[in-house]
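Q: Sharing a structure here in structure tokens format.
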Amino acid sequence: MNIALIGYGKMGHAIEQIAVKRGHNIVLRITSANKHEMDAAHLQLADVAIEFTHPESGKENVLRCLETGLNVVCGTTGWNDSLPVANKAAVENNAAFLHASNFSIGVNIFFEVNKLLARLMNGHAEYKPTIEETHHTQKKDAPSGTAITLAEQIIQNLDNATKWTLNDTGDAGALPIIAHRIENVPGTHKITYSSPIDDIEIIHTAHNRDGFALGAVLAAEYIYKKKGIFTMKDVLGIQ
């Protein structure tokens, strides 16, 4: 499989290492210095594009790839409001699109545990939920896309949570997300249900970027030669 890397920072390098080990070819590496090469002639060299850049450029990059009919895996967060536009572009251009807030296999299993725990906690209003996330200082968006996904899952399954807020605002029904940025932290997410009697916590801690990179390559392998809109649940066979 020929892969175009849109974004060639730390994640791009990690993805490249794993992709090459799995027998794939990197035919295009796009950075801010050579963004002019994101044209049809260059993009058509690839079977799949893997996009990890910044919230400001994610939508533009994805749409440019999809408009050439190139299948896209995107891990850039912070532009979720425009995802329906990308989904529409994938369908209109007979391409495949897979966006995820987190490609780690462990995190995607953690998502399922989070939903189950929220359903179990529903009706126990004495337990107040909080999300705490810690990432490296280079991460541009706060809260993280993963934390927002976790929050949305809780809100869908917990009657006394109606919205999420960055930090604890004291709003009734608000689910606080506490975001920390510390050097050299790949990513930690903790869900706490706290009551006057006890606390219940679930935690996912990433040790490095390899889990995210592997998941992105697995996603690219999954959508290779497919058409349509997919998620990591499809890749991992999670019902």
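Computed from the coordinates by the stated procedures, all read-outs in this text should not be read as laboratory data. This one's a predicted model, so the numbers in the text were calculated from it and none came from an experiment. Cβ placement follows ideal geometry from the backbone for every residue including glycine, while neighbour counts extend to all protein chains displayed.
Q: Counting alpha carbon pairs within less than 8 Å and at least 6 residues apart, what relative contact order, in whole percent, applies to the range 105-206?
A: So the answer I get is 35 percent.
Q: To continue, here is another question. What list do you get for LEU45, LEU83 if you sort them by fewest beta carbons within 10 Å?
A: Placing the least packed residue first, the sequence is LEU45, LEU83.
Q: Moving on. Across the range 105-206, what fraction of all alpha-carbon pairs, as a whole percent, falls in each successive 10 Å bin from zero upward?
A: Pair shares across the bins are 16, 51, 28, 5.
Q: Then there is this: Kirkwood Rh over alpha-carbon pairs of the chain, then Stokes-Einstein at 10 °C and 1.306 mPa s: what D in µm² s⁻¹, rounded to an integer?
A: It comes out at roughly 85 µm²/s.
Q: Determine ³J(HN,Hα), in whole Hz, for all residues of the range 28-33 in sequence, where each value follows from phi through the Karplus function 6.51 cos²θ - 1.76 cosθ + 1.60 and θ = phi - 60°; x replaces Gly and Pro.
A: Whole-Hz 3J(HN,Hα) from phi for the range 28-33: 7, 10, 9, 10, 5, 7.
Q: Once you place label points 7 Å from the Cα toward the Cβ at THR165 and LYS128, how far apart are they in nm?
A: 1.1 nm
Q: What's the percent breakdown of Cα-Cα distances in the range 1-61 across 5 Å bins, shortest bin first?
A: Going out from 0 Å in 5 Å bins, the range 1-61 shows 4, 20, 31, 26, 14, 5, 0 percent.
Q: Here's a follow-up. Filter LYS115/LYS163; LYS115/LYS190; LYS128/LYS190; LYS88/LYS225 down to the pairs with a C-alpha to C-alpha distance above 21 Å, please.
A: Distance filter (> 21 Å) returns an empty set.
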